[in-house]
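Reviewing the structure listed below.
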């Protein structure tokens, strides 16, 4: 198989309440926009920064203070992210976010969206809902509504949620990522051969894509 015809998959391990993952998505999109080879498949994989958050979520301000303290670090981090987000066309609105959600159901929806071909659209919409609109993406009603907006069958999604479908599978995927050494997100896995941690620049991601294509073509080792 030649470099021009080798199929390349990028697995992105992320959590939809991770602002760096939103940045990483936009930077990956810029890297992909410069690609002129065979199409690249992007597969979004689950991760939970805090699976201990209860199903109904927590009041975000109190949660953040309990986790990071009240010494100005939260405000400094938000200020930095606001600036970085502006560079990528993201209008972070941290002041709008009232709830820190448990993201298990969101990841279940993302998993189902892969089958229908709507995964990238769902992921993008969930990021925007949470970080730019301050919506509670732990709310099943909102997730079902979002599924419909992105072309999925709302009745099927509602039924899958009610049946508890894929809860164990999503948790198993997260455990698998952790067993591979993923301790933070985003984490990009190129051609199932090598990983790139963090919200790297579009240039770094483009270089990784080139390396992955060469590896698939047998030109160089991963």
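No lab work stands behind these numbers, since they all come straight from the coordinates. What you are looking at is a predicted structure, and each value in this text was computed from that prediction instead of being measured. Ideal geometry is used to build each Cβ from the backbone, glycine not excepted, and the neighbour counts take in all protein chains shown.
Would you work out if region 43-86 is rounded, prolate or oblate? Take a ≥ b ≥ c from the square roots of the eigenvalues of the alpha-carbon gyration tensor; rounded if a/c is under 1.5, else prolate when a/b is larger than b/c, oblate otherwise. Cα axes put region 43-86 in the oblate bin. Under 1.5 on a/c is rounded, so check that first for region 182-222, then, if it is not, pick prolate when a/b is larger than b/c and oblate when it is not; a ≥ b ≥ c are the square roots of the alpha carbon gyration tensor eigenvalues. Oblate, because a/c is 1.5 or more while a/b does not exceed b/c.
Going from the residue with the fewest nearby Cβ atoms within 10 Å to the one with the most, 78, 107, 43 rank 43, 78, 107. Quick check on region 1-120: take the gyration tensor over C-alpha atoms, sort the square-rooted eigenvalues as a ≥ b ≥ c, and tell me if it's rounded (a/c under 1.5), prolate or oblate. Verdict is oblate for region 1-120. For the chain, a Gaussian network of Cα nodes joined below 10 Å ranks 140, 211, 80 by mean-square fluctuation, and the top entry is 80.
Each part reduced to its alpha carbon centroid, region 172-212 and region 27-94 end up 16 Å apart.
Of 14, 201, the sequence from fewest to most neighbouring Cβ atoms within 10 angstrom is 201, 14. Ratio of Rg to Rh for region 147-194: 1.13 [Cα atoms; Kirkwood radius as inverse mean 1/r over pairs]. Arranged from fewest to most other beta-carbon atoms within 10 Å of their beta carbon, 16, 182 become 182, 16.
Computed over the chain, the per-residue total of -39500 (n - 2.57) for DSSP H runs of n ≥ 4 gives a 222 nm mean residue ellipticity of -16000 deg cm²/dmol, rounded to 500.
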